[in-house]
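Have a look at the structure below, then the notes.
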Amino acid sequence: MTDSNFVRLTASVLPYPYGKKGSDSLAARLATATPENNFKIDEDQPYGEIWMGDHPNGPSRTVKGNKPLADLIAANPQEYLTSAVYEKFNKDPHLPFLFKVLSFCKALPLQAHPDKSLAEQLHEQEKRQKGKNERFVDPNHKPEVSVVVSDHFEGFIGFRPIREIKLFLEEVPELREAVGNEDAVNELLDIEEEAEERVRGLKAVNMDEFLAKEGGRHRMKALLKTLFWGLFERSHNDIARLCESLLAKLYLMGDEALGTLGKEQNLGPMVKKILFAYPQDVGMFAAVFFTNFVRLKRGEGIAIPADCIHAYLEGDVIECMAWSDNMIACGFGGNDDPTIFTDMLHYEASPSKNLELKHHKWGKSTTGKTELYEIPMPEFNLLNLKLEKDGEEEIVAEGIAGPCIFLVIGGEVCLEGTDGDDAEERLETGQVVFVKPNVGFRIKAIGGGAEVWGAFVEA
């Protein structure tokens, strides 16, 4: 236990191979700000993530006293979580969320995070087979959100609308051959054409309404799963040959080798980059042609529900998720069982815009300088505070009715309690602090502008 309401924390650095190298990694640069991280940048090493929280795969410790945050919470969950939060999340003595920064310049594994039922199954199965949990160390689900803090972001998120997949199948012969199931391809093309004709005849009904009324949505999802599974049934030699064929066409024809959408979305440079990093990989066909290619700007965010297919490509993001590290991946270095992977996925084919996050002024903000992101998950909320000049401040007199972690990603701030009982904490770029529930606080910029991100939960 600690007497302070503000608890400075270390962050765990994870050098994943998709990370940016050395000082190019925002995650690595932020980690150097806290000497207690015992971290020094190796310019030849990729650094993918830093974690802030109490998950055992990347735990934070207190700067003063070097105590695991997990131990503090377990010893007194009422003080660190509140009784309401503790009860809401099944009396598990840990934070309901995990807070991260990711920096990447290479595709992450093509992945999805299991829902609670599958997570529990995988956790128990590994424990039964190995006598301990090495990979599936928790039985929880992992819905997450990411907000861009670099100038740009690229990634694959969720399945594309069916009509886009249809167009690729019609215009990219390598994809059609990679899928290998001509009957399923033809059925998809037929049902889409039939739906379009029926919608034209029923002018008041849009495509989504028609599919729902006609029972076509379930049929579409089943077909999409069949087509997607076909990729993972193909031999490595077939996939390698088709990747090489497509790459040769790209150099000869440019984006036209990827069909109408490939040209419209300027997919050629991205495909070349993927094939350079992951040559002869089935993930190229699975991601490029079946999932939404997403470009986001700084401050824009997106939600990744459980069982949603995704793979980030390039950028820096603030990420928050339910307390878990469970992942199943096939493609881009992921080599899990494709049967589990394809069975678990949520085959909802729709534009990625449906997953983008809205944000607005936080109701507790007294200055209008703090934005709250609308998170469609109960385990956490996300704040962004921007102070433009020296001395500007945000005051939250009543505090937050649950645990909160703040990370400074720009400038320097002073954090102090509003009741005068707490010693102030000066936080530089990269430094992290846990704020206990229901503690009023003031955050003030020192020496210029500053930016702070916060993850919290309330019951």
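The values are calculated or read from the model by the stated rules, or taken from the named source; none is laboratory data. Every value quoted in this text rests on a predicted model; they were computed, and no experiment measured them. When we count neighbours, we look across all protein chains shown, and the Cβ atoms used for this are built from the backbone with ideal geometry, even at glycine. Please note that ligands, DNA and RNA were not included when accessible areas were found on the heavy atoms of the full protein model with its side chains. Shrake-Rupley method; radii C 1.70, N 1.55, O 1.52, S 1.80 Å.
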Sorted largest first, the C-alpha extents of the stretch 1-140 along its principal axes in whole angstrom are 44, 42, 25
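Just the number: Rg to Rh for the stretch 302-345, Cα atoms, Kirkwood Rh, two decimals.
With Rh from the inverse mean 1/r over Cα pairs, Rg/Rh is 0.96.
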Probe 1.4 Å, heavy atoms of protein chains only: per residue, the accessible area of the chain in Å² is 42
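For the chain, what value does the Rg/Rh ratio take when both radii are computed over Cα atoms and Rh is the Kirkwood radius, given to two decimals?
1.00
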In Hz, Karplus ³J(HN,Hα) per residue of the stretch 398-409 (6.51, -1.76, 1.60; θ = phi - 60°; x = Gly, Pro): 8, x, 10, 7, x, x, 9, 10, 10, 10, 8, 10
If you place +1 on the Cβ of every Lys and Arg and -1 on the Cβ of every Asp and Glu, how big does the dipole about the Cα centre of the stretch 91-173 come out, in debye to the nearest 20? 340
Please identify the longest segment of the chain free of exposed trypsin sites (Lys or Arg not before Pro), where exposed means a DSSP state other than H, G, I, E or B and no more than 12 other Cβ atoms within 10 Å. 204-357
Dipole check, the chain, charges on Cβ (K,R +1; D,E -1), about Cα centroid: among Ile302, Phe406, Phe232 the Cα furthest to the positive pole belongs to Phe406
How much of the accessible area of the chain, in percent, comes from carbon and sulfur atoms when a 1.4 Å probe is used? 47
Cα-based Rg / Dmax (Å) for the stretch 96-146: 13.2, 37
To two decimal places, what compactness ratio does the stretch 343-419 give when its Cα radius of gyration is scaled by 2.2 N^0.38 Å? 1.43
Which lysines does Lys20 reach when only Cα atoms under 22 Å apart count, and residues fewer than 8 places away in its own chain are ignored? Lys40, Lys100, Lys106, Lys272, Lys273, Lys297
Size of the dipole of the stretch 39-90 about the Cα centre, Lys and Arg at +1 and Asp and Glu at -1 on the beta carbon, nothing else charged, in debye to 20? 280
Phi to ³J(HN,Hα) by Karplus 6.51 cos²θ - 1.76 cosθ + 1.60 over the stretch 412-418, Hz, x for Gly, Pro: 9, 9, 10, 10, 9, x, 7
Any idea what Rg and Dmax come out to for the stretch 312-368 if you just take the C-alpha atoms, in Å? 17.0, 52
Taking the Cα centre of the chain as the origin, how large is its charge dipole in debye, to the nearest 20, when only Lys and Arg (+1) and Asp and Glu (-1) carry charge on their Cβ atoms? 180
Would you work out which of Gln431, Val147, Phe99 lies farthest towards the positive end of the dipole of the chain? Charges go on Cβ: Lys and Arg +1, Asp and Glu -1. Gln431
Rounded to the nearest 500, what is the chain's calculated 222 nm mean residue ellipticity when only DSSP H runs of at least 4 contribute -39500 (n - 2.57) each, over all residues? -9500 deg cm²/dmol
Could you tell me the ratio Rg/Rh of the stretch 265-392? Both radii from Cα atoms, Rh via Kirkwood. 1.03
Starting from one equal scatterer on each C-alpha and no solvent at all, send me the Debye-based log10 I(q)/I(0) for the stretch 303-459 at q = 0.17 Å⁻¹, two decimals. -1.02
